[in-house]
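*Asks:* One structure, pasted below without further comment.
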Amino acid sequence: MAEDSRYPIKDSMKDALVDRQTYETMYRESIEDPDGFWRKHGERIDWIKPYTKVKNTSFERGKVDIRWYEDGTLNASVNCLDRHLAEHGDDTAIIFEGDDPGISRHISYRELHEKTCRFANVLKGLGVKKGDVVTLYMPMLVETAVAMLACVRIGALHSVVFGGFSPEALGARIENGHSRFVITADEGMRGGRRIPLKNNVDEAVENPALDFVEKVIVLRYTGADIDWHDQRDVDFARLMEEAEPWCEPEEMKAEDPLFMLYTSGSTGAPKGVLHTTGGYMVYTSMTHEYVFDYRRGEIFWCTADLGWITGHSYTLYGPLANGATTVIFEGVPNYPDASRVGQIVDKHNVSTLYTAPTAIRALMAGGDHVMDGTSRKSLRLLGTAGEPINPQAWEWFYRVIGNEQAPILDTWWQTETGGIMIAPFPGATELKPGSATKPFFGIQPALFDNEGNELEGAASGNLGIKDSWPGQMRSVFGDHERFMKTYFSTYDGVYFTGDGAKRDEDGDYWITGRVDDVLNVSGHRLGTAEVESALVAHDKVAEAAVVGYPHDVKGEGIYIYVTLMSGEDPSDELRDELVQWVRKRLGPLAAPDVIQWAPSLPKTRSGKIMRRILRKIASNETENLGDTSTLADPGVVDELMEHRAFR
Ligand code: 6R9
């Protein structure tokens, strides 16, 4: 397979919403006259009070302030539900596909609307007010979507915490958001395994620092035997039955918060990424329609869990705002067997399958026949997000899953960006496996060298974005200083993404991965600092350094160098104990792949750990370690190389 293989625009995409000419015209317009462009496209959603102002944004150092459509008012749940009722109330909003392949249901817009209204009334009845933060720790169920939409209907912010996070990680998020309300289920089901969600919530809120938690709303889902705290726990289904089926939507200002979602950065604890109402709805619905060339009636399946931004923007808000039919899949791609994805596509006539490279690589490991017995002929488009896709996985996805019929849209974006930033348009862009290709309307990517100079033409560098777009995060919850420092202090007047990228002669972008201390493990972000601080909290650990290394399925694996307290001896038992320790503190996603005992770590004379060298040792690229002259004790490196952990 050639490095530079290309896939021309397919004839079947002739009638796509955006052709080459349209892309160029619209892109130019969006850059030359952002105000006019977004004024027009802001009308794609329903406003209660129309906006007169459009863009009012500043990326200036120390004064970052981002406002879109600021004098307009709206409600996001009305855009996802009410506005479809008159003509499309009986259309299917959600197809639920259970972990158990025997279970699926169709939920119409009308039903989803009623459930949302009822649950909004439940929340009100429990005392949830506009501006409150409600934490969700749920399986992938229709009720999860209902709970999210109900929050935004009454102007509360949801903070969805992925069900794979540990009680400690959940607790930290509840505490940071000072969330008095938690919604959970007795258990989740994934790949035939039960996830003890309610137990985890109990464990989290037992922490005295979380005594402000007033109510835990529990969906009895599997019927498992759980502890019940009469003062605190309330029953989801019972309250739903008692609630009124209509709830007046709260009129929100465009810049009122819509939700927050925690994500890992290179330093400190995970931060609450804050998104607001108007711009987010415009941007997610527009990217969903244009990038995926969405036509009403098509079945759209984004496999991302609602606990991640991809689930927020492209399982829920973007598709529902467009009146789409969206699939919520409870399970995992390889259960009961590796053909499950193909089974689901066939069963529900899925047109677009949007998934993560790590899932593709996991399926690919089963060989070319894993999809046997399924036809997948309904697929018109494929998409990926979350991490760079290697060309082998791209080709396999294209050939085996898509039968060479469906273009692949490699979409680059982030929790912070709210929606897709760089991606091909199926009717306008020639595809190159491994390249996310071209910016979406209004997006101005730029590459910088380490000295902060902007690079022109074909080049490699650090990726920044030069002007605001409506879907961008507005702040870090409760910490605007941190927001400005993290994203706007590296380059003047530029949003810094934390990613590296290459731009080729055609102006296409190739994202190469994080340039900061953030790992991307199976498409999930993890700060090395988080893992390190979990480790040093163990009383036998003196110091730890965490780096990523190439991993066939996960993309990046977690490699840890541990220095023990003096007097402690390394052993296999201790290694297992530390793996479990990190798992318990942060959740299964963060489980270390490799632990290497390090009598000491390579440091500069000023005491900084030289991760660059540790990364090379972990990746087994030790021929060229680069400049080691600044090391305080170069002998440390030889010692580590000699005892590289086997994997
Ligand atoms: C949507 C999402 C963001 C980080 C981002 C980058 C990586 C996402 C990518 C990609 C290469 C793509 N990333 N999409 N890298 N190609 N198409 O994943 O958000 O969880 O915040 O992760 O993921 O490194 O900075 P999030």
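The values are calculated or read from the model by the stated rules, or taken from the named source; none is laboratory data. What you see is a predicted model, and the numbers here were worked out from it, not measured in a lab. Backbone-built Cβ (ideal geometry, glycine too); neighbour counts: all protein chains shown. Accessible surface is based on the protein model in full, side chains and every heavy atom, while ligands, DNA and RNA are left aside. Shrake-Rupley method; radii C 1.70, N 1.55, O 1.52, S 1.80 Å.
*Asks:* All but one of (1) open to solvent by less than 10 Å² (accessible area, probe 1.4 Å); (2) in contact (Cβ under 8 Å) with a residue 60 or more places away in the chain hold for residue 342; which doesn't?
*Replies:* (2)
*Asks:* So residue 81 ticks every box in (1) closer than 27 Å to residue 484 by Cα; (2) surrounded by 14 or more Cβ atoms within 10 Å (Cβ to Cβ) but one. Which box is left unticked?
*Replies:* (1)
*Asks:* Within the group 547, 562, 531, which residue is without any contact (Cβ under 8 Å) to a residue 40 or more places away in the chain and not in a loop (DSSP other than H, G, I, E, B)?
*Replies:* 562
*Asks:* Every residue in region 491-522 that is of a type in the set (S, T, N, Q) and open to solvent by 20 Å² or more (accessible area, probe 1.4 Å), please.
*Replies:* Here is the first cut: in region 491-522, the residues of a type in the set (S, T, N, Q) are 497, 512, 520, 522.
Correct list: 512, 520, 522.
*Asks:* Another question about this same structure. Looking only at region 386-423, count every residue that is within 11 Å of the ligand (Cβ to nearest atom), at pLDDT 95 or above and of a type in the set (Val, Ile, Thr) and tell me the total.
*Replies:* Within region 386-423, residues that are within 11 Å of the ligand (Cβ to nearest atom), at pLDDT 95 or above and of a type in the set (Val, Ile, Thr) number 6.
*Asks:* Here's something else I'd like to know. In region 429-444, how many are under 22 Å from the mean Cα position of the chain (by Cα) and open to solvent by 20 Å² or more (accessible area, probe 1.4 Å)?
*Replies:* So the count comes out to 2.
*Asks:* Considering only region 386-407, state which residues are touching a residue at least 60 places away in the same chain (Cβ under 8 Å), surrounded by 21 or more Cβ atoms within 10 Å (Cβ to Cβ) and within 14 Å of residue 9 (Cα to Cα).
*Replies:* Across region 386-407, the qualifying residue is only 407.
*Asks:* Then there's this: Mind checking which pairs have a first residue in region 166-193 that is under 16 Å from residue 590 (Cα atoms) and a second that is of a type in the set (Ser, Thr, Tyr) and assigned to a loop (DSSP other than H, G, I, E, B), Cβ under 8 Å, 6 or more apart or different chains?
*Replies:* Between residues of region 166-193 that are under 16 Å from residue 590 (Cα atoms) and residues that are of a type in the set (Ser, Thr, Tyr) and assigned to a loop (DSSP other than H, G, I, E, B), there is no close pair.
*Asks:* Here's a follow-up. Is there any pair linking a residue in region 589-605 that is more than 16 Å from residue 643 (Cα to Cα) to one that is in a loop (DSSP other than H, G, I, E, B), with Cβ under 6 Å and at least six apart or on different chains, and which?
*Replies:* Pairs that qualify, where the first residue is more than 16 Å from residue 643 (Cα to Cα) and the partner is in a loop (DSSP other than H, G, I, E, B), are 589/164; 603/632; 604/630; 605/632.
*Asks:* Among the residues of region 93-126, what is the count of those that are within 20 Å of residue 174 (Cα to Cα) and open to solvent by 20 Å² or more (accessible area, probe 1.4 Å)?
*Replies:* Qualifying residue count, region 93-126: 2.
*Asks:* Related question: Tell me, which residue of region 361-385 that is under 23 Å from the mean Cα position of the chain (by Cα) and away from the ligand (no atom under 12 Å from the Cβ) is farthest from residue 340 (Cα to Cα)?
*Replies:* Step one: list which residues in region 361-385 are under 23 Å from the mean Cα position of the chain (by Cα), which gives 361-364, 381-385.
Now drop any that are not away from the ligand (no atom under 12 Å from the Cβ), which leaves 361-364, 381-382.
Values: 361: 15, 362: 13, 363: 10, 364: 13, 381: 18, 382: 16 Å.
This residue is 381.
*Asks:* Turning to a different aspect of this structure: Taking the condition away from the ligand (no atom under 15 Å from the Cβ), of a type outside the set (A, V, I, L, M) and open to solvent by less than 10 Å² (accessible area, probe 1.4 Å), does residue 426 pass?
*Replies:* Judged against the criteria, residue 426 is a match.
*Asks:* Follow-up. Given (1) outside any strand (DSSP E or B); (2) under 16 Å from residue 262 (Cα atoms), identify the lone condition not met by residue 519.
*Replies:* Condition not satisfied by residue 519: (1).
*Asks:* Still on this structure, I have one more. Within region 478-495, is even one residue within 13 Å of the ligand (Cβ to nearest atom) and under 21 Å from residue 391 (Cβ atoms)?
*Replies:* So in region 478-495, the residues within 13 Å of the ligand (Cβ to nearest atom) come out as 486-487, 495.
Next, only the ones that are under 21 Å from residue 391 (Cβ atoms) stay: none.
No, that holds for no residue.
*Asks:* Filter region 360-385 down to the residues that are at pLDDT below 95 and small (Gly, Ala, Ser), then identify the one that is surrounded by the most Cβ atoms within 10 Å (Cβ to Cβ).
*Replies:* 362
*Asks:* Report yes if residue 211 is among the acidic types (Asp, Glu), open to solvent by 50 Å² or more (accessible area, probe 1.4 Å) and more than 30 Å from residue 79 (Cα to Cα), otherwise no. Break it down into steps so the answer makes sense when it comes.
*Replies:* Details: among the acidic types (Asp, Glu): yes; open to solvent by 50 Å² or more (accessible area, probe 1.4 Å): yes; more than 30 Å from residue 79 (Cα to Cα): yes.
Considered against the rule, which asks whether it is among the acidic types (Asp, Glu), open to solvent by 50 Å² or more (accessible area, probe 1.4 Å) and more than 30 Å from residue 79 (Cα to Cα), residue 211 comes out as yes.
*Asks:* Additional query: Taking region 517-546 as the region of interest, how many residues are of a type outside the set (D, E, K, R), in contact with a helix residue (DSSP H, G or I) (Cβ under 8 Å, 6 or more places away or on another chain) and more than 16 Å from the ligand (Cβ to nearest atom)?
*Replies:* Going through region 517-546 one residue at a time, the tally reaches 10.
*Asks:* Here's another thing I want to ask about it. Only one of (1) open to solvent by 20 Å² or more (accessible area, probe 1.4 Å); (2) modelled with pLDDT of 95 or more is not met by residue 14, so which one is it?
*Replies:* (2)
*Asks:* Have a look at 57, 22 and point out the one that is open to solvent by less than 50 Å² (accessible area, probe 1.4 Å), touching a residue at least 24 places away in the same chain (Cβ under 8 Å) and farther than 21 Å from residue 279 by Cβ.
*Replies:* On the way: 57 fails: farther than 21 Å from residue 279 by Cβ.
Among 57, 22, only 22 is open to solvent by less than 50 Å² (accessible area, probe 1.4 Å), touching a residue at least 24 places away in the same chain (Cβ under 8 Å) and farther than 21 Å from residue 279 by Cβ.
*Asks:* Within region 1-107, considering only helices (runs of 4 or more DSSP H) that don't extend past its boundaries, which have at least 1 residues that are closer than 29 Å to residue 404 by Cα?
*Replies:* On the way: elements: 20-32, 34-41, 83-88.
Correct list: 20-32.
*Asks:* Restricting to region 306-328, give me the number of residues that are of a type in the set (S, T, N, Q) and closer than 13 Å to residue 144 by Cβ.
*Replies:* 2
*Asks:* Part of a helix (DSSP H, G or I), within 16 Å of the ligand (Cβ to nearest atom) and closer than 27 Å to residue 500 by Cα, is that true of residue 304? Talk me through it step by step, then tell me what you get.
*Replies:* Values: part of a helix (DSSP H, G or I): no; within 16 Å of the ligand (Cβ to nearest atom): yes; closer than 27 Å to residue 500 by Cα: yes.
In short, no.
*Asks:* Does at least one position in region 492-501 carry a residue that is touching a strand residue (DSSP E or B) at 6+ places or on another chain (Cβ under 6 Å), farther than 27 Å from residue 396 by Cβ and aromatic (Phe, Trp, Tyr)? Before the answer, list the steps.
*Replies:* Going through region 492-501, the residues touching a strand residue (DSSP E or B) at 6+ places or on another chain (Cβ under 6 Å) turn out to be 494-501.
Adding the requirement that they be farther than 27 Å from residue 396 by Cβ leaves 494-498.
Right, trim to aromatic (Phe, Trp, Tyr) and you get 495-496.
Yes - at least one qualifying residue is present in region 492-501.
*Asks:* A follow-up question, please. Here is a list of conditions, (1) at pLDDT 95 or above; (2) within 30 Å of residue 438 (Cα to Cα), and residue 514 meets all of them except one; can you say which number that is?
*Replies:* It fails just one condition, (1).
*Asks:* Is it fair to say residue 239 is under 27 Å from residue 170 (Cβ atoms) and either open to solvent by 10 Å² or more (accessible area, probe 1.4 Å) or part of a helix (DSSP H, G or I) (or both)?
*Replies:* On the way: under 27 Å from residue 170 (Cβ atoms): yes; either open to solvent by 10 Å² or more (accessible area, probe 1.4 Å) or part of a helix (DSSP H, G or I) (or both): yes.
Considered against the rule, which asks whether it is under 27 Å from residue 170 (Cβ atoms) and either open to solvent by 10 Å² or more (accessible area, probe 1.4 Å) or part of a helix (DSSP H, G or I) (or both), residue 239 comes out as yes.
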